[in-house]
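Reading through the structure tokens given below for one structure.
The values are calculated or read from the model by the stated rules, or taken from the named source; none is laboratory data. Small disclaimer: the values here were computed from a predicted structure and weren't measured. Ideal geometry is used to build each Cβ from the backbone, glycine not excepted, and the neighbour counts take in all protein chains shown. Areas reflect the complete protein model, heavy atoms only, side chains present, ligands, DNA and RNA absent. Shrake-Rupley method; radii C 1.70, N 1.55, O 1.52, S 1.80 Å.
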Amino acid sequence: MQFLRLLWAWVLTIVSCAVQADEVFQKVTSLDEINETDSYIICSESVSGAIYKTSGNFLGVCSFTARQVKGDYIEIDPDRTGTNEIVPDVFRMIRVRNGVYAIQYVADGDLLSYERSNNNLHKDILGTSDDRAQWRFKTYENGVYVNCASRADYFISLYKGKFGVYKKYKDWHDKTLLYKRIGTRAKRVVVGNARYVSYASPDKVELTLPQGLRAYVVDQAYPDRVRLKEIGAIPANTAVLLSGEPGTYLMPYATQAVNTVGENLLMTSDGKVVGDLHTIYSLGQVEGTVGFYLVDSSVKIPEGKAYLKIETATAAKCLMMWHDENAGITTAVQQTEQEAHDMRYYDLCGQRIRSPQRGVVIRDRRKYKVK
């Protein structure tokens with residue numbers, strides 16, 4: 001029992017490596033950083049609010065959680081429904097003349113303007129020559145003020161809980177900040193030293209794989225191991241294993257439909273899945289060996305993490321992973337005559353190694369301990 005509780009700490013070091021962030025924005029601190037090709041959002045410094053549509057053509061404020069604001073960066077994941085993490089409208093800055101820009105919606109090309117009669121912000125079909133569509137961006141020490149070009153004493157801000165264009169009065173106003181998007185529509189994942197991490201793609205989000213990152217499903221299980229099958233892209237709402245050299249990877253959203261993966265024994269935890277010391281396995285690393293380990297009955301698998309439920313489990317503490325070292329695709333249980341006496345060396349994950357080092361290795365389907 002103590003072994004498994006200790007083991008779960010190792011499991012968490014792997015499954016907690018995956019970090020989901022849909023879009024990443026960096027604070028703009030100089031007008032020199034503004035151009036007409038990048039995308040931006042406008043925020044209030046004091047509340048980390050951003051402009052987004054509330055209804056119709058009017059705009060409101062989207063509040064971020066503290067964990068989304070990381071120094072000069074904001075991370076947004078719009079796929080997490082039921083929270084305040086709503087993706088804001090994204091704009092481009094069209095240069096009208098020196099220091100004066102029009103703010104254009106990326107989605108439909110409409111320009112952001114304001115209604116002088118009631119100070120409401122909205123989008124409209126305007127030309128850049130219309131002064132209602134012209135804005136000045138002034139850089140100060142702690143951010144960028146955004147002012148209407150024809151009404152320099154007005155600015156975009158929050159005041160008494162309402163968002164709009166307000167007249168400057170002494171120093172009570174909030175400073176507005178401009179953030180530039182530096183990450184595309186993608187999910188970010190961090191692969192640790194174990195070189196494997198479990199991941200579950202969100203509902204309705206299909207992902208492609210960047211160079212250096214591979215994805216696998218588990219299509220068969222045996223008494224002491226599981227078989228991995230490599231897939232070329234990740235369908236929506238699918239639990240997978242990702243493998244690559246340690247580092248951070250961005251998995252872009254797929255621009256076309258992704259094929260289904262077929263049989264997949266990996267499941268996604270809803271945060272209520274509890275180990276049972278018999279059928280529930282989770283990815284982990286113990287003494288340098290990566291595999292699926294039994295989960296203690298007092299432990300819940302975190303929400304969004306992949307796990308295995310093997311109904312015919314034989315109480316094996318660990319299920320090793322096996323796949324072909326060339327294609328990354330699993331080998332069949334029935335081996336050819338040539339494979340029957342494989343004198344090559346493999347580690348416990350089924351990956352071929354050139355020369356055995358200290359530890360446990362596999363040769364001719366048998367385990368050997370190298371001292």
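Summary table
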quantity	calculated
Accessible surface of VAL96 - all protein chains present, 1.4 Å probe, nearest 10 Å²	50 Å²
J(HN,Hα) series, the range 91-99, from Karplus relation 6.51 cos²θ - 1.76 cosθ + 1.60, nearest Hz, glycine and proline x	10, 10, 9, 9, 6, 8, 7, 4, x
Which listed pairs, of LYS272/LYS317; LYS187/LYS317; LYS204/LYS272, have C-alpha distances above 26 Å, in listed order	LYS187/LYS317
Chain lengthening between ALA66 and ASN193 when straightened (0.36 nm per residue, less Cα-Cα)	42.9 nm
Label-point separation, GLN220 to TYR73 (7 Å along Cα→Cβ), nm	4.2 nm
Gain upon complete extension [GLU311, ILE182; 0.36 nm per residue less C-alpha separation]	41.9 nm
Heavy atoms of PHE155: accessible area, 1.4 Å probe, square angstrom to 10	10 Å²
Segment LYS138-ASP153, extension gain: residue separation times 0.36 nm, minus the distance between their alpha carbons	4.1 nm
Accessible area (Å², 1.4 Å probe, nearest 10) - HIS278	80 Å²
Separation of the GLN256 and LEU277 label points, Cα + 7 Å toward Cβ, nm	5.2 nm
Accessible surface, 1.4 Å probe, highest first, among residues TRP322, TRP135	TRP322, TRP135
FRET efficiency estimate (nearest 0.05) - Cβ-Cβ, GLU245 to ARG97, R0 45 angstrom	0.40
Whole-Hz couplings from phi, Karplus 6.51/-1.76/1.60, listed for the range 286-297; x for Gly and Pro	10, 6, x, 9, 9, x, 9, 10, 4, 9, 4, 5
